[in-house]
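The values are calculated or read from the model by the stated rules, or taken from the named source; none is laboratory data. Computed from a prediction, not measured in an experiment: that's the story for all the values here. Counting neighbours? That spans all protein chains shown, and the Cβs are built from the backbone with ideal geometry, glycine included.
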């Protein structure tokens, strides 16, 4: 998934690679937390019930915005959540996924911290389990 600080996919922030559904991913560094205004993704589950949920607080709490993965491959403008995205989760009803490997059915916390951050215009965050 690619996060952008501007609406309409402008000003790339980072690319996040993740491999588990039903797991909360918190953006635990100043460079990412509360910065996203839009997002694009590919290769995610896309049945009619699969969703990507963005939250205004860490640990997948607070206000949320929901994108149905069967309809969209991005959010051009987070509107009411713009500048407040602190975490996200892919929700799927299937127990296996070809596009997200190693499906884990339990809600656990995963952080994207500053130590996993590669500086540059095309920064890429990696995931560390906490």
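Restrict the check to region 77-99 and report whether at least one residue is over 18 Å from residue 12 (Cβ atoms), at pLDDT below 90, in contact with a strand residue (DSSP E or B) (Cβ under 7 Å, 6 or more places away or on another chain) and part of a loop (DSSP other than H, G, I, E, B).
Narrowing region 77-99 to residues over 18 Å from residue 12 (Cβ atoms): 79-81, 84, 86-87, 89-99.
Still in the running and at pLDDT below 90: 79-81, 92-99.
Narrowing the set further to residues that are in contact with a strand residue (DSSP E or B) (Cβ under 7 Å, 6 or more places away or on another chain) leaves 81.
Pick out the ones that are also part of a loop (DSSP other than H, G, I, E, B) and you get none.
No, region 77-99 contains no residue that is over 18 Å from residue 12 (Cβ atoms), at pLDDT below 90, in contact with a strand residue (DSSP E or B) (Cβ under 7 Å, 6 or more places away or on another chain) and part of a loop (DSSP other than H, G, I, E, B).
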Of all residues making up region 63-76, the number that are surrounded by 18 or more Cβ atoms within 10 Å (Cβ to Cβ) and farther than 11 Å from residue 88 by Cβ: 1
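Going by the conditions given, is residue 52 surrounded by 19 or more Cβ atoms within 10 Å (Cβ to Cβ), without any contact (Cβ under 8 Å) to a residue 60 or more places away in the chain and under 17 Å from residue 89 (Cβ atoms)?
yes
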Lone unmet requirement of (1) at pLDDT below 90; (2) surrounded by 15 or more Cβ atoms within 10 Å (Cβ to Cβ) for residue 60: (1)
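For residues in region 36-49 being part of a loop (DSSP other than H, G, I, E, B) and either within 12 Å of the chain's Cα centre (by Cα) or modelled with pLDDT of 90 or more (or both), which is surrounded by the fewest Cβ atoms within 10 Å (Cβ to Cβ)? Walk me through how you get there before you give the answer.
To start, the set of residues in region 36-49 that are part of a loop (DSSP other than H, G, I, E, B) comprises 36-37, 41-49.
Narrowing further to those that are either within 12 Å of the chain's Cα centre (by Cα) or modelled with pLDDT of 90 or more (or both): 36-37, 41-42, 44.
On the way: 36: 26, 37: 24, 41: 19, 42: 9, 44: 19.
Checked region 36-49; the qualifying residue surrounded by the fewest Cβ atoms within 10 Å (Cβ to Cβ) is 42.
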